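One structure is given here, and the rest of the page talks about it.
The values are calculated or read from the model by the stated rules, or taken from the named source; none is laboratory data. Keep in mind that this is a model prediction, so the values were computed, not measured. Positions of Cβ are generated from backbone atoms using ideal geometry, with glycine treated the same way; all protein chains shown enter the neighbour counts. Just so you know, the surface numbers come from the protein's heavy atoms only, side chains and all, with ligands and any DNA or RNA stripped out. Shrake-Rupley method; radii C 1.70, N 1.55, O 1.52, S 1.80 Å.
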Amino acid sequence: MTERPIILWFRQDLRLGDNPALAAAVESGAPILPVFILDDETPGKWAPGGASRWWLHQSLDALQQSLAALDCPLLLRRGTAAETIRTLAAETGARAVYWNRCYEPFAVRRDAALKSALKEDRIEAESFNAALLFEPWQVKTKTGTPPKVYSPYWRAMRLLGDPAPEGAAPQAIPRPAKVLAGDQLDDWNLQPCDPDWASGFSELWQPSEQGGLDQFDEFLENALDGYKTGRDFPSRSLVSRLSPHLHFGEIGPRQVWHRTVAHCITTGRDPFSGSAEHFLKELVWREFSHAQLYYNPDLPDACLRPEYERFPWDRAEKPLRAWQRGKTGIPIVDAGMRELWQTGYMHNRVRMICASFLVKHLMVDWRAGEAWFWDTLVDADLANNAASWQWVAGSGADAAPYFRIFNPVLQGEKFDKDGAYTRHWVPELSEVPDRYLHKPWEAPGNPAPDYPDPIVDLAFGRDRALTAFKRLNDGLSSDIAACA
Ligand SMILES: Cc1cc2nc3c(=O)[nH]c(=O)nc-3n(C[C@H](O)[C@H](O)[C@H](O)COP(=O)(O)OP(=O)(O)OC[C@H]3O[C@@H](n4cnc5c(N)ncnc54)[C@H](O)[C@@H]3O)c2cc1C
C-alpha cells in the first residue's frame, strides 16, 4: 500500500529555507505533495493586482525550479482554494494538509473553515508561522491587550525575547508515487503582454528565494551602515528593497532579523543601536501593520477612526487621473508616481509625499490611492498598504495628525536637494535650474515647456484640507458636547 501524502500548500511563503510547514512535513517522513493554487475568487477585490501577478509568475517559476532540483514537482491548480484543497485531498488520499498562516481577513476566515472541514473529513490540518517574527496575539501590553500604537508594540515585542531561530532548507523532499495533472504556469497569463508595461521590471528585480537572499546580503554589506541617515533620500541606494520578497515570503522576517543581528556581531557592531536597530524597527512596522489588520479586518476598507468617514472627499476623476499618471505638475510627486509605474516600487519617503498630496492637497479618498498602489506595487501587501494609507490620511492607528500636511516643495528640496531622483523620473525638468527644480512654475523663462502647471495651488490646497479637517474635528467636538 502506498503511503498517504501530506499536501503542502504554498501561499505567501514561496521559499524552502525557514519554512516551518515544509520542515514539519519533511520531518514526518511522509511523501509530500507541494501545491500552489491560483484563487482569484476568495480575496474578492483584493485579488493580486497587475504588478503582483507579474512577480508571482517569476516567483513560482523559481520555486518550481528549486523543487524540481529536489525531484519534487510543484503542482499548480486554479480555483477556489478551500474547494481545491479538499478535492486534492480526496484525489490523493492525503493524510494531512500543512500551510503557513496568512493574516488577510478573507484568508483567516477561509483557513478556519477549511481546518474544520478537513477535520470532519478525518484529515489533519496544521498551520505554522512563517510570515511574522511573532504572532499578533502573542504581542500584548502589560494589561494583556494588543498595543494600539507602534512604540508600545515594539517594547512589548522585545519583552518576548528573540524570535524563533531560522530553520534550514530541506536537503531532500520525498515525493508521492502518483503523478497528478496540473496547470502550466504560462497558461495562467500572469504576465502582461500587450502592452507589456512590466518590460523594465526584470532589470531591477530577481523574484525568487535566491533573489531575496542576494538582495539582502548586498544590503547588509553595502547599505546597512548608512540606513538610519540615508533611508529618507530616494536617490541613494540605502534601503533594502526587500518588501516584495517579504510579501511573497521568498525571505522570512526571522531570517532578516537573525542575519542582521549576526552580521552586526561579526562586524563588531551593536545590533540594537544606530542603523541596525533602526532597520529592525522598520521590520517591526510590518509586524505592527499585520497586527492592525488581524484585529481590524476592515482596515483596508473603512477608516479606523469612524469620524473620518464624514470627510468631504473630492470624487472628481481628473485629480486622481493626474496623480496616477505622474502629471500633477508637482515634481517630486510626479517622480514618485512614475517610478511606481515603471518599476513597481516607490521609495518610502516618496510614498509618504505622494499619498499625503493625494489625500490632503487634492482631498481624494485614501482608498482610491490604496487601490492604485494595490494594482501597481510589486510589494502590494494588504496589511502594510492599508495601515500606511490610513496613517497618512490621519484616520488610522498611530496616525499622522491631520494638521501635518507635507509641503511637497520643501520635501523635495530637503530629500532630493540635487534633484537626481526627480530629474531621472521627470526628464522634462532637466533644463530647470536646481533652485527651481521643485517649483518650476516660479522659474523665469519657462525652462520646462512640456511639463504641466500644478494641478492645485499648494497654499490653497493646504488651507482647504486644513479647513475641512478642522470642521470634521470641530463637528466631532460639538457631537461630544451634545452628548455630554
Ligand atoms: C502610502 C503607503 C503605502 C505603502 N504600501 C506598502 C505595501 O503595499 N507593501 C509594503 O510592503 N509596504 C508598504 N508601505 C511601507 C513602506 O513604504 C515599504 O515597506 C518600503 O518602502 C519598502 O522598501 P524597502 O523594502 O526598501 O524598506 P526598508 O526601509 O529597507 O525596510 C525593511 C522592511 O521593513 C518593512 N517596512 C519598512 N517600512 C515600513 C512601513 N512604513 N510599514 C510597514 N512595513 C515597513 C518592509 O517589509 C520593508 O521591506 C507603504 C507606505 C506608504 C506611505
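Among Cys72, Cys193, the order of accessible area from largest down is Cys193, Cys72, computed with a 1.4 Å probe on protein heavy atoms.
Summarising the label geometry, the points placed 7 Å from Cα in the beta-carbon direction at Asp61 and Thr80 lie 3.2 nm from one another. Against the main long axis of the alpha-carbon atoms of the chain, helix 105-120 sits at an angle near 10°.
Compared with the alpha-carbon gap, the fully stretched path from Gln171 to Glu431 is longer by 87.9 nm at 0.36 nm per residue.
With all protein chains kept in place, the per residue accessible area of the chain amounts to 44 square angstrom at a probe of 1.4 angstrom.
The local environment of Arg435, defined by Cβ-Cβ distances under 14 Å, has a net charge of -3 under the rule Lys, Arg +1 and Asp, Glu -1. Taking each DSSP H run with n ≥ 4 as -39500 (n - 2.57) and averaging over every residue of the chain yields -14500 deg cm²/dmol at 222 nm. Rounded to the nearest 20, the Cβ-based charge dipole of the chain about its Cα centre (Lys and Arg +1, Asp and Glu -1) stands at 1340 debye.
Taking a ≥ b ≥ c as the square roots of the eigenvalues of the alpha carbon gyration tensor, segment 6-129 is oblate, as a/c is not under 1.5 and a/b does not beat b/c. Between Asp453 and Leu180, residue separation times 0.36 nm minus the direct Cα-Cα distance comes to 92.3 nm. Taking only the C-alpha atoms of segment 207-305, Rg followed by Dmax gives 14.8, 46 Å.
Of the trypsin sites (Lys or Arg not before Pro) in segment 158-238, the ones in a loop by DSSP (not H, G, I, E or B) with at most 15 other beta carbons within 10 Å are Lys178.
Each residue of segment 379-396 is assigned a 3J(HN,Hα), and the resulting list reads 9, 3, 9, 4, 5, 5, 5, 5, 5, 5, 5, 5, 5, 5, 5, x, 9, x Hz, derived from the Karplus form 6.51 cos²θ - 1.76 cosθ + 1.60 (θ = phi - 60°), x at Gly and Pro.
In plain terms, the bigger the Kirkwood radius, the slower the diffusion; for segment 62-116, with that radius from Cα pairs, at 20 °C and 1.002 mPa s, Stokes-Einstein puts D at 165 µm²/s. Orientation-averaged projection of segment 306-479 equals 9.8 nm² [convex hull of Cα atoms, one quarter of hull surface area].
Taking the Cα centre of segment 423-476 as reference, the dipole from Cβ charges on Lys and Arg (+1) and Asp and Glu (-1) amounts to some 340 debye. For segment 284-346, the Cβ-based charge dipole about the Cα centre amounts to some 320 debye (Lys, Arg positive; Asp, Glu negative; other atoms uncharged).
Farthest toward the positive end of the dipole of the chain, out of Pro105, Thr92, Trp188, is the Cα of Pro105, where the dipole comes from beta carbon charges about the Cα centre.
For a quick check of your reading of the filter: which trypsin sites (Lys or Arg not before Pro) in segment 395-452 sit in a DSSP loop and have no more than 14 other Cβ atoms within 10 Å? Passing both the DSSP loop test and the Cβ count: Arg404, Lys417. The C-alpha atoms of the chain define a longest principal axis, and helix 458-483 lies at about 70 degrees to it.
Simple rule: put +1 on each Lys or Arg Cβ and -1 on each Asp or Glu Cβ in the chain, find the dipole, and look at His438, Ile123, Pro297; the Cα lying farthest toward the positive end is Pro297. Legend: calculated FRET efficiency, Asp217 to Trp188, from the Cβ-Cβ distance at R0 = 35 Å, rounded to 0.05, equals 0.70. Here the simple spin-label model places points 7 Å from the Cα toward Cβ, and for Asp314 and Glu442 these points are separated by 2.2 nm. Between Ala117 and Leu283, the FRET efficiency estimated from the beta carbon spacing at R0 = 30 angstrom works out to 0.30.
Its residue count N sets the reference 2.2 N^0.38 Å, and the alpha-carbon radius of gyration of the chain equals 1.04 times that reference. Axis of helix 253-266 versus longest Cα principal axis of the chain: the two differ by about 80°, to the nearest ten degrees. Full extension of the chain between Ala262 and Thr141 yields a length gain of 40.7 nm, computed as 0.36 nm times the residue separation minus the alpha carbon distance. For the chain, the fraction of 1.4 Å probe accessible surface lying on carbon and sulfur atoms is 51 percent. Set the Förster distance to 22 Å, then compute FRET efficiency between Asp40 and Ala90 from the Cβ-Cβ distance, nearest 0.05. Using R0 = 22 Å, I get an efficiency of 0.45. Where a ≥ b ≥ c are the square roots of the eigenvalues of the C-alpha gyration tensor, would you call segment 140-245 rounded, which needs a/c under 1.5, or, failing that, prolate if a/b is larger than b/c, or oblate? Here segment 140-245 falls in the oblate category.
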